[in-house]
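Okay, so here's the structure we're looking at.
The values are calculated or read from the model by the stated rules, or taken from the named source; none is laboratory data. For clarity, every value in this text was computed on a predicted model and none was experimentally measured. As a convention, Cβ positions derive from the backbone with ideal geometry for all residues, glycine included, and neighbour counts pool all protein chains shown.
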Amino acid sequence: MQENQLKLDGIDKIILNHLMKDARTPILSISREIGISGAAIHQRLRKLEASGLIVGSKFMINPKVLGYKTMAFVGIFLDSSSKYKEAIKRLKDIDEVIESHYTTGNYAIFVKIQCKDNEHLMQVLNHQIQHIKGVARTETFISLEQQIDRQIKI
């Protein structure tokens with residue numbers, strides 16, 4: 001256990017669990033359940049934000065509603081590790097790339113991409129990702145179904 005690790009009490013955990021399920025949960029309803037004031041909850045949330053534990057909040061959209069029905073993971077092999085920064089810079093310009101990771105193992109970079117269909121995926125791979133200078137080759141895995149989507153348990 002790290003010395004500087006943040007200590008959460010039971011009240012912090014209740015607050016966080018409510019807001020992790022739905023960030024729009026009214027503070028007043030949480031305060032009624034816990035039995036402390038809304039101001040005390042806001043103060044705790046500011047402390048948790050200042051600690052770096054809470055890094056923001058955002059609305060999540062359902063990409064399928066916009067027609068993006070194909071999710072894929074792409075392992076990217078670079079011909080040289082010195083090409084990493086430039087490859088990442090170019091990947092950031094591809095809207096369909098929604099995550100990237102610098103990894104150990106076979107791939108230098110592992111990305112998650114969201115496309116409308118398999119044809120769109122092929123276009124992104126063949127005309128964008130594989131044209132990035134330094135990309136030697138790619139290996140693609142199409143997700144058939146996402147069964148788990150969660151955060152670390154508090």
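Taking residue 39 as the residue in question, decide whether it is farther than 19 Å from residue 154 by Cα, outside the structural domain of residue 105 (by TED's automatic domain parsing), modelled with pLDDT of 95 or more and not polar (S, T, N, Q). Considered against the rule, which asks whether it is farther than 19 Å from residue 154 by Cα, outside the structural domain of residue 105 (by TED's automatic domain parsing), modelled with pLDDT of 95 or more and not polar (S, T, N, Q), residue 39 comes out as yes. Since residue 76 meets every condition but one in (1) surrounded by fewer than 16 Cβ atoms within 10 Å (Cβ to Cβ); (2) in contact (Cβ under 8 Å) with a residue 12 or more places away in the chain, which condition does it not meet? Going through the list (1) surrounded by fewer than 16 Cβ atoms within 10 Å (Cβ to Cβ); (2) in contact (Cβ under 8 Å) with a residue 12 or more places away in the chain, residue 76 breaks only (1).
All of 106, 126 fail the test of being in the same structural domain as residue 71 (by TED's automatic domain parsing), at pLDDT below 95 and not small (Gly, Ala, Ser), apart from 106. Of all the numbered requirements in (1) among the acidic types (Asp, Glu); (2) more than 22 Å from residue 142 (Cα to Cα); (3) surrounded by 14 or more Cβ atoms within 10 Å (Cβ to Cβ), residue 96 misses one, and that requirement is (2).
What pairs come up if the first residue lies in the stretch 10-22 and is outside the structural domain of residue 42 (by TED's automatic domain parsing) and modelled with pLDDT under 95, the second is surrounded by 15 or more Cβ atoms within 10 Å (Cβ to Cβ) and not in a helix (DSSP H, G or I), and their beta carbons are under 6 Å apart, counting only those six or more places apart or on different chains? The qualifying pairs do not exist here. Evaluated against (1) surrounded by 15 or more Cβ atoms within 10 Å (Cβ to Cβ); (2) under 16 Å from residue 142 (Cβ atoms); (3) not aromatic (Phe, Trp, Tyr), residue 88 falls short on exactly one condition, (2). Within the stretch 107-150, being in a loop (DSSP other than H, G, I, E, B) and closer than 22 Å to residue 77 by Cα holds for 107, 108, 128, 132, 133, 134. For residue 153, the stated conditions do not hold, so it cannot be described as outside the structural domain of residue 20 (by TED's automatic domain parsing) and either touching a residue at least 40 places away in the same chain (Cβ under 8 Å) or not in a loop (DSSP other than H, G, I, E, B) (or both).
Scanning the stretch 39-73 for residues that are under 22 Å from residue 119 (Cα atoms), of a type in the set (Val, Ile, Thr) and surrounded by 10 or more Cβ atoms within 10 Å (Cβ to Cβ) turns up just one, 70.
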